1. Suppose each label sits 7 Å from its Cα in the direction of the beta carbon; what would the S51-L166 distance come out to in nanometres?
2. Once you order the gyration tensor axes a ≥ b ≥ c over the Cα atoms, which shape class does segment 91-191 get: rounded for a/c under 1.5, otherwise prolate or oblate by comparing a/b with b/c?
3. When the dipole is taken about the Cα centre of segment 84-191, and only Lys, Arg (+1) and Asp, Glu (-1) are charged at their Cβ, what size is it in debye, to the nearest 20?
4. Give me the mean projected area, in nm² to one decimal, of the convex hull enclosing the Cα positions of segment 1-143.
5. Can you find, among A159, N98, A16, the residue farthest towards the positive end of the dipole of the chain? Put +1 on the C-beta of Lys and Arg, -1 on that of Asp and Glu.
6. Quick check for me: using +1 on Lys/Arg Cβ and -1 on Asp/Glu Cβ, what's the dipole size of segment 1-127 about its Cα centre, in debye to the nearest 20?
7. Tell me the net charge near Q164. Cut-off is 12 Å between Cβ atoms, Q164 excluded, with +1 for each Lys or Arg and -1 for each Asp or Glu.
8. Taking a point 7 angstrom from the Cα of N182 along the C-beta vector, which residues in segment 131-166 have backbone N less than 19 Å away?
Amino acid sequence: MGNQSKTNSRENILEAARGVAQARGYGGLNFRDLAELVGIKSASMYHHFPSKADLGAAVARRYWEGSAADLQAMWSESQDPLNGLRQYPEIFRRSLENDNRLCLGSYMAAEYNELPEAVKKEVQAYADVHVAWLSKVLLAAGIVSAEQSEKRARAIYAAVAGAQLLARSRSDLALFDELIENYRAAGLLPA
């Protein structure tokens with residue numbers, strides 16, 4: 001198998017695993033099922049990922065890296081911190097629009113106690129990326145002081161992730177939108 005085929009197989013596995021993890025969490029990752037999804041032999045999975053923990057960590061790392069790139073792009077495109085804060089919930093909404101899935105960071109955080117250490121580290125990185133970005137944008141918008149920015153960023157992250165969780169439990173995208181509007185009305189997010 002050439003390097004290009006190995007790379008393609010690895011990429012296909014990561015993409016399939018992301019979808020499974022968003023739908024069923026880390027516990028739902030199964031090498032046999034994933035191999036079938038991507039059209040390779042189960043044993044071939046171990047050439048790319050020696051263990052489920054390695055796969056889970058790679059999926060979570062890729063997810064937070066993609067999220068960091070999305071957040072940076074959101075900042076670069078508008079350069080208006082208030083607009084960035086208004087757009088922020090859309091990241092979570094997109095997962096709900098995709099077959100009522102959860103953000104991978106939220107799903108795996110719910111399984112935190114059962115996760116291998118390598119996966120826990122990547123799940124924490126996802127939350128850290130969001131909190132750091134929100135903190136930076138809140139400061140740039142002049143909404144909070146430097147002393148309060150991280151606390152407010154955590155509150156926003158937790159509230160938006162919680163809105164996603166509640167909306168998913170009811171398969172109700174309109175509920176997510178309603179909750180976000182209520183966060184705006186309460187002043188947690190800018191109107």
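The values are calculated or read from the model by the stated rules, or taken from the named source; none is laboratory data. Everything numeric here is computed off the predicted structure, so don't read it as measured data. Cβ sites come from the backbone with ideal geometry, for glycine too, and all protein chains shown count toward neighbours. With ligands, DNA and RNA removed, areas are computed over all heavy atoms of the protein, side chains included. Shrake-Rupley method; radii C 1.70, N 1.55, O 1.52, S 1.80 Å.
1. 3.9
2. Judged from the Cα gyration tensor, segment 91-191 comes out oblate (a/c at least 1.5, b/c at or above a/b).
3. Working: 13 positive and 14 negative charges, 50 e Å.
The dipole magnitude comes to about 240 debye.
4. Working: hull surface 37.7 nm².
With every direction weighted equally, the projected area is 9.4 nm².
5. Of the options given, the answer is A16.
6. Details: 15 positive and 16 negative charges, 62 e Å.
Rounded to the nearest 20 debye, it is 300 debye.
7. Working: positive: R93, R94, R101, R168, R170; negative: E90, E97, D172, D177.
My count for the surroundings of Q164 gives +1.
8. Those under the cut-off are 155-166.
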